Amino acid sequence: MLLQVRDLSISFDLGGGVVSNPVRGVSFDVPEGGRVAIVGESGSGKSLTALAIGGLVDRAKISGSIAGSPRIAYIFQNPMQSLNPVMRIGDQIREVGAIDLSLVGLPAGTERKYPCQLSGGQQQRAMIAMALAQNPDLLVADEPTTALDVTTQQEVLELVDRLADARNMAVLLITHNLGIVAQHSSYLNVMYAGEIVEAGPVHDILYAPVHPYTKGLLSAVPRLDRPKDAFLADIPGVVPPPTAWPTGCAFHPRCAFAGEDCAIKSRVKCMARAPRY
């Protein structure tokens, strides 16, 4: 196994006796050359979990274990904020290594340009080139298609797949988009309120979800086989703040099927009795 995360918890002391626990008891594996995804709404703890496995979380109390020592590279969700605006693309990539930009579909001369001279898709390809220049064993792609149009999204994700296959590189995909997961991952972890509430092979979860939150996410995915005027379902409410996670099943305040016992019973028991959406 390339990476094993066990019971990872992250907390921040905010002062005045207030403690934030954005990640609680998270466990998952990433096999060599594997495609693993973490899915959830904003505020679920996905990105913080991904940062923690690379030791990129400061001023936090971290418990649990992270076994394995893969070379990890990151693609962040907003390349314009990640790239240095006053450095040429080639200079930024050479800070971490060397790579032929044609491998990521960038034309000759791109290395002499500044980030503002590139399109959003080209900026993301430059970020991919920078990550690959480190010859990583694991590529963490945190919302890699944010703010890109649908066509460019697909091109970027297919590029990551091709390069990962060619290099036997594992990919940990962080996203809120289950459509992306269906095409580009083989194992799925569904995260809510700092916890992984459901995990398994992508096909199994997409076609036979168990947890009500997973079912809610799936019901909110637009489908081409529905009428144009069909009602688009959503999940009422928002993810609560990590300073005030609910007791019992953390999803119960937003769950249409929650009973009185859901506020005190664990999510495992909630999963066992949850009806389908």
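Throughout, read-outs are computed from the coordinates displayed, never taken from laboratory work. Keep in mind that what you see is a predicted model, and the values were worked out from it rather than measured. Here the Cβ is made from the backbone with ideal geometry for all residues, glycine too, and neighbour counts use every protein chain on show.
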Cβ crowding within 10 Å averaged over residues, with 43-54, 148-159 ranked highest first | 43-54, 148-159
Taking K and R as +1 and D and E as -1, what net charge do the other residues with C-beta under 15 Å from the C-beta of His184 add up to?
-> -4
Longest principal axis of the chain (C-alpha) makes with the long axis of helix 120-132 (C-alpha) an angle, in degrees to the nearest 10, of 90 degrees
Counting pairs of alpha carbon atoms under 8 Å apart in space and at least six apart in sequence, what relative contact order in percent does the stretch 39-198 give?
-> 33 percent
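So which GluC sites (Glu not before Pro) in the stretch 1-100 end up in coil per DSSP with only 15 or fewer other C-beta atoms within 10 Å? Please list the in-between numbers first.
On the way: sites: Glu32, Glu41, Glu95; in loops: Glu32, Glu41, Glu95.
Sites meeting the loop and neighbour criteria: Glu32, Glu95.
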To the nearest 10 degrees, the tilt of helix 150-167 (Cα long axis) against the first principal axis of the alpha carbons of the chain is 80 degrees
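With charges only on Cβ, +1 for K and R and -1 for D and E, what is the dipole size of the chain about its Cα centre, in debye, rounded to 20?
Computed charge dipole of the chain: roughly 300 debye.
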Residue farthest toward the positive end of the dipole of the chain, with Cβ of Lys/Arg at +1 and Asp/Glu at -1: which of Val210, Gly259, Pro115?
-> Gly259
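Find, among the trypsin sites (Lys or Arg not before Pro) in the stretch 49-96, those assigned to loop by DSSP (not H, G, I, E, B) with at most 12 other beta-carbon atoms within 10 angstrom. Please list the in-between numbers first.
Values: sites: Arg59, Lys61, Arg71, Arg88, Arg94; in loops: Arg59, Arg71, Arg88.
Listed in order of number, the matching sites are Arg59, Arg71.
When the chain is fully extended, how far beyond the present Cα-Cα distance does Val221 get from Ile264, taking 0.36 nm per residue of separation?
Numbers: separation 43, 0.36 × 43 = 15.48 nm, distance 3.02 nm.
Between Val221 and Ile264, full extension yields 12.5 nm more.
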Overall Cα dimensions of the chain - principal axes, largest extent first, Å | 63, 51, 36
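Assuming a strict under-21 Å limit between Cα atoms, what lysine pair count do you get for the chain once near-sequence pairs (fewer than 8 apart, same chain) are dropped? Spell out each step's value before the answer.
Values: Lys46/Lys61; Lys46/Lys215; Lys215/Lys265; Lys215/Lys269.
The result is 4.
Hey, can you rank 194-200, 10-16 by average C-beta count inside 10 Å, highest first? Walk me through the numbers on the way to the answer.
Values: 194-200: 22.1, 10-16: 13.4.
Peptide ranking by packing, descending: 194-200, 10-16.
Can you work out the FRET efficiency for the pair Gln81 and Leu103, with r the C-beta to C-beta distance and R0 = 35 Å, to the nearest 0.05?
Details: r = 24 Å, r/R0 = 0.68.
About 0.90, to the nearest 0.05.
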Relative contact order %, the stretch 95-135, counting alpha carbon pairs below 8 Å whose residues are six or more apart | 58 percent
Karplus-derived 3J(HN,Hα), 6.51/-1.76/1.60, for each residue of the stretch 24-37, Hz, glycine and proline x | 9, x, 7, 9, 6, 10, 10, x, 4, x, x, 10, 10, 10
Cα Rg, Dmax (largest Cα-Cα span) when computed across the stretch 74-115, Å = 10.2, 25
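Can you tell me the relative contact order of the chain? Whole percent, Cα pairs under 8 Å, sequence separation 6 or more. Write down the numbers at each step before the final one.
Details: 511 pairs, mean separation 59.7, N = 277.
Rounded, it is 22 percent for the chain.
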